[in-house]
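Single-structure report; data block below.
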Amino acid sequence: MLNGALLTESLRVGAELIVPRLRVTRLSRVDVSASALSTQPGVWTFVEFEAEDEQAVPLAEVLKGALLAEGGWYADFRVGDDHVVVFAGRVFRYRRGDAEARAEVVAYGSSVGVPAHQLDWAD
């Protein structure tokens, strides 16, 4: 069972996430004004989700087309022993615990404007 999270604020206007059997497991709003970038809203809406493992590739493909390219956004999920991190137009999948692969994703995130303190996902 894959599980992960995305922020509704990270979706571009007009984006639709259509992934068969994707289930929302939690929806929450959080005040992040103390750590958000000046270009990001101070309140974020977290959508936590789950789906069968075979939905990993379709989900990643839909997300890479739905996320905003500007503003330093990403979504991520875990599937089996892998961690999938999705940016606008780019998908990374690596074995959890692979420090070198994680560093590559963090470097890419940094290069597209994600602040270091937001590149803090757990493996």
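The values are calculated or read from the model by the stated rules, or taken from the named source; none is laboratory data. In this text the structure is predicted, and so the values were computed from the model without any measurement. In this analysis, Cβ positions are derived from the backbone assuming ideal geometry, glycine residues included, and neighbour counts consider all displayed protein chains.
Examine the stretch 89-98 for a residue that is within 21 Å of ASN3 (Cβ to Cβ), free of Cβ contacts under 8 Å to residues at least 24 places away in the same chain, buried (at least 18 other Cβ atoms within 10 Å of the Cβ) and not aliphatic (A, V, I, L, M), and state whether such a residue exists.
For the stretch 89-98, residues within 21 Å of ASN3 (Cβ to Cβ), free of Cβ contacts under 8 Å to residues at least 24 places away in the same chain, buried (at least 18 other Cβ atoms within 10 Å of the Cβ) and not aliphatic (A, V, I, L, M): present.
What is the number of the single condition among (1) without any contact (Cβ under 8 Å) to a residue 60 or more places away in the chain; (2) under 21 Å from PHE77 (Cα atoms); (3) surrounded by fewer than 15 Cβ atoms within 10 Å (Cβ to Cβ) that GLU50 does not meet?
It is condition (3) that GLU50 fails.
Checking ASN3 against (1) farther than 13 Å from GLY72 by Cβ; (2) free of Cβ contacts under 8 Å to residues at least 12 places away in the same chain; (3) of a type in the set (S, T, N, Q), only one condition comes out false. Which one?
Unmet condition: (2).
For ALA122, are the conditions met, namely being modelled with pLDDT under 95, of a type outside the set (Ser, Thr, Tyr) and at negative phi? Spell out the reasoning first.
Details: modelled with pLDDT under 95: yes; of a type outside the set (Ser, Thr, Tyr): yes; at negative phi: yes.
So ALA122 passes the test.
Scan the stretch 103-123 for residues that are under 20 Å from GLU48 (Cβ atoms) and surrounded by fewer than 11 Cβ atoms within 10 Å (Cβ to Cβ) and jot them down.
ASP120, ALA122, listed by residue number.
All but one of (1) without any contact (Cβ under 8 Å) to a residue 24 or more places away in the chain; (2) out of contact with any Asp or Glu (no Cβ under 6 Å at 6 or more places or on another chain); (3) not β-branched (Val, Ile, Thr) hold for ARG26; state the number of the condition that does not hold.
Among (1) without any contact (Cβ under 8 Å) to a residue 24 or more places away in the chain; (2) out of contact with any Asp or Glu (no Cβ under 6 Å at 6 or more places or on another chain); (3) not β-branched (Val, Ile, Thr), ARG26 violates only (2).
Whether any residue in the stretch 8-23 is without any contact (Cβ under 8 Å) to a residue 60 or more places away in the chain, surrounded by 12 or more Cβ atoms within 10 Å (Cβ to Cβ) and under 19 Å from ALA122 (Cβ atoms) is what I want to check.
Looking through the stretch 8-23, none of the residues is without any contact (Cβ under 8 Å) to a residue 60 or more places away in the chain, surrounded by 12 or more Cβ atoms within 10 Å (Cβ to Cβ) and under 19 Å from ALA122 (Cβ atoms).
Need at least 2 residues that are among the β-branched types (Val, Ile, Thr), modelled with pLDDT of 95 or more and under 25 Å from PRO115 (Cβ atoms) per element, so show me which strands (runs of 3 or more DSSP E) inside the stretch 1-102 make the cut, counting only ones lying wholly within it.
Fully inside the stretch 1-102 and qualifying: 43-51, 82-87.
Kindly indicate the residue of the stretch 25-47 that is under 17 Å from LEU11 (Cα atoms) and out of contact with any strand residue (DSSP E or B) (no Cβ under 7 Å at 6 or more places or on another chain) and also surrounded by the most Cβ atoms within 10 Å (Cβ to Cβ) among those meeting that condition.
GLN40
Determine if the stretch 104-114 includes at least one residue that is modelled with pLDDT of 95 or more, touching a Lys or Arg at 6+ places or on another chain (Cβ under 8 Å) and assigned to a strand (DSSP E or B).
Checked the stretch 104-114: no residue is modelled with pLDDT of 95 or more, touching a Lys or Arg at 6+ places or on another chain (Cβ under 8 Å) and assigned to a strand (DSSP E or B).
What is the residue count in the stretch 54-78 for residues that are among the hydrophobic types (A, V, I, L, M, F, W, C) and either exposed (fewer than 14 other Cβ atoms within 10 Å of the Cβ) or more than 19 Å from ILE18 (Cβ to Cβ) (or both)? Walk me through how you get there before you give the answer.
Keep residues of the stretch 54-78 that are among the hydrophobic types (A, V, I, L, M, F, W, C), which gives 56-57, 59-60, 62-63, 66-69, 73, 75, 77.
After this cut, where a residue has to be either exposed (fewer than 14 other Cβ atoms within 10 Å of the Cβ) or more than 19 Å from ILE18 (Cβ to Cβ) (or both) as well, the list is 57, 69, 73.
Matching residues across the stretch 54-78 total 3.
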